[in-house]
Amino acid sequence: MARKTMAYVVYPGISLLELVGTRSMLGSIAGMGAGYDPVVVGEKKVTMATDTPLDIIPQKSFDEVPHPDGLVVIGGGADSLPALDNPRLVEYIRRAGQQAEIAAGVSTGSLLLAAAGLLNGRPATTHWAYAEKLNAMGGIYEQKPWVEDGKFTTAAGVSGGIDMGIALGAKLAGKAAAQQGQLFAEYDPHPPFGNIDWTRVNKTELASLMDARANAKANAKDITFVIYPDLTVFDLVGPLQVISALSRIDPRFRPLVVAEHSGPVSTDIGVDMIPNATFDELPRPAGFVVPGGDTPTLNAMSNPAIRSYIRNAAADAEWIVSVCTGALILASVGLLEGRQVTTHWAYRNYLNAFGARYVQKRWTHNGKIINSAGVSAGIDMALYLTAQMAGPETARQVQLMIQYDPQPPFGGIDYENLGLFPA
């Protein structure tokens with residue numbers, strides 16, 4: 001079977017979680033089961049800002065991928081809207097979207113599809129704050145996680161992009177492949193305050209949240225996110241997106257990404273990302289988050305710089321947090337011994353080998369240590385952490401800002417019938 005190309009279009013101001021979540025889920029399912037090679041494309045291959053502190057570098061330029069077989073336009077919040085006035089971007093989307101076998105938009109990516117004339121008279125969805133704008137641009141807004149109309153599919157918010165990725169993956173590669181991808185990623189969302197109750201949301205009052213941009217206080221609490229080569233960046237970006245949204249409305253908190261060295265860091269989706277500081281520059285954060293991965297995480301466990309940073313930072317940190325197999329790194333330096341904690345289900349035996357006791361939960365909270373399971377648990381846990389730091393109402397506002405309202409097309413993971421755990 002000849003390989004095809006699925007282009008994920010990025011530009012300054014995108015939601016990093018919309019990119020990583022959609023690319024990770026759809027990319028893995030369509031890549032393995034339907035022969036689509038994912039590639040993240042931008043106008044130029046230069047460092048590009050997102051709506052988090054983490055900058056990215058696209059893999060290829062528009063000129064290098066002029067005729068993709070599939071097109072996914074990533075969106076975001078207020079930071080992404082200036083892209084509507086970029087004629088080269090809109091023209092690339094128009095041309096590629098017309099020729100592609102499938103075309104999709106996530107959140108305000110739908111507005112770019114509309115600006116390119118591809119959604120005229122079509123049912124579509126977008127982030128809740130931009131429903132009227134979508135209608136004004138020729139689309140017909142529907143309040144759904146994702147909307148399919150012929151070859152065009154649109155999604156609402158960060159969870160809509162992930163859910164759409166599973167649904168499109170099933171369409172291209174079959175339901176079994178999509179469910180397998182969901183299981184391997186451990187995408188089994190359970191938001192700590194439940195899904196968004198749209199009957200109680202006053203969209204007019206809350207629309208100002210999307211434009212919020214509080215300047216961090218001089219004594220803001222730094223929450224650092226540890227990045228290392230080839231990590232599972234979905235684990236990192238879920239909590240980073242949540243805390244970045246928190247920092248927009250509560251200047252007491254400042255998210256930053258730290259690494260052993262300055263300069264680009266490779267990730268599991270092939271997109272290099274730029275940390276904000278080195279370990280030496282931010283040795284004593286108020287809290288820190290350690291994401292996971294597969295073999296790269298096992299390598300990180302023996303990296304002296306990472307081990308030293310975590311040991312030293314843990315001494316004074318108010319919060320010590322891991323996502324997925326990031327718990328193994330914490331365990332390897334003795335932070336989890338004797339504790340009941342969670343991690344990705346496939347690595348539970350590694351955790352037990354370090355003296356911790358694995359429990360099958362979305363997240364566990366022991367004093368100042370919080371551990372979560374796979375990728376969606378990282379998002380759920382970050383909302384829980386937000387509630388601990390800033391209160392439940394603020395956490396709910398953050399959930400609404402990023403539109404995290406997950407509704408996986410085939411439901412959650414049925415652990416009981418998978419035989420993964422002994423009775």
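Each reported figure results from applying straightforward, stated rules to the coordinates on display, with no laboratory input. The structure presented is a predicted model; accordingly, all values stated were derived computationally and were not measured. Here the Cβ positions follow ideal geometry from the backbone for every residue, glycine too, while neighbour counts run over all protein chains shown.
Points worth noting:
- Interchain or long-range residues, amide H under 5 Å from T278's placed H: A259
- Set of lysines with alpha-carbon distance to K221 below 19 Å, sequence-local pairs under 8 removed: K368
- Using θ = phi - 60° in the Karplus curve 6.51 cos²θ - 1.76 cosθ + 1.60, the 3J(HN,Hα) couplings for region 157-168 round to x, 5, 6, x, x, 5, 4, 4, x, 5, 5, 5 Hz; x is entered for Gly and Pro.
- The chain: relative contact order as a whole-number percent, Cα under 8 Å and 6+ apart: 15 percent
- Here each label is just a point 7 Å from Cα along the line to Cβ, and for D294 and T278 those points are 3.1 nm apart.
- Projected label distance in nm at L84 and S302, using a 7 Å step from Cα toward the beta-carbon: 5.3 nm
- Cα-based helix-to-principal-axis angle, 392-402 vs the chain, degrees rounded to 10: 40 degrees
- Under 13 Å, Cβ to Cβ, from D268 - net charge with Lys/Arg +1 and Asp/Glu -1: -3
- Cα gyration tensor shape for region 147-298, rounded if a/c is under 1.5, else prolate or oblate: oblate
- Mean residue ellipticity at 222 nm, helices only, the chain: -11000 deg cm²/dmol; runs of at least 4 DSSP H residues each add -39,500 (n - 2.57), and the sum is divided by the number of residues.
- Sorting the segments 379-385, 261-267, 35-41, 322-328 by their mean number of nearby beta carbons within 10 angstrom, highest to lowest, gives 322-328, 379-385, 35-41, 261-267.
- Amide H contacts for F225 (H built 1.01 Å from N in the peptide plane; partners 5 or more residues away or on another chain; cut-off under 5 Å): L256, V257, V258, V289.
- Gyration tensor analysis over the Cα atoms of region 198-402 returns equivalent ellipsoid semi-axes of 27, 19, 16 Å (largest first, whole Å).
- Measuring r between the beta carbons of N215 and N120 and using R0 = 60 Å, the FRET efficiency lands at 0.90.
- Between the Cα long axis of helix 375-390 and the first principal axis of the chain there is an angle of about 70°, rounded to the nearest 10.
- For region 63-161, applying the loop criterion from DSSP together with a ceiling of 15 other beta carbons within 10 Å to the trypsin sites (Lys or Arg not before Pro) yields K151.
- Look at the alpha carbon pairs under 8 Å that are at least 6 residues apart: their mean separation over the length of region 326-408 gives a relative contact order of 20 percent.
- Spacing of the two label points (7 Å from each Cα toward its C-beta) at N312 and F184, in nm: 3.7 nm
- Under 14 Å from the Cα of K217 - aspartates and glutamates, other chains or at least 8 residues apart: D250
- The amide H of D294, built 1.01 Å from its N in the peptide plane, has T232 as neighbours under 5 Å, considering only residues 5 or more places off or on other chains.
- For K44, a cut-off of 29 angstrom between C-alpha atoms picks up these lysines, skipping any fewer than 8 places away in its own chain: K4, K60, K133, K151.
- Karplus 3J(HN,Hα) series, Hz, for region 76-81 with 6.51 cos²θ - 1.76 cosθ + 1.60 (x for Gly, Pro): x, x, 4, 5, 8, 5
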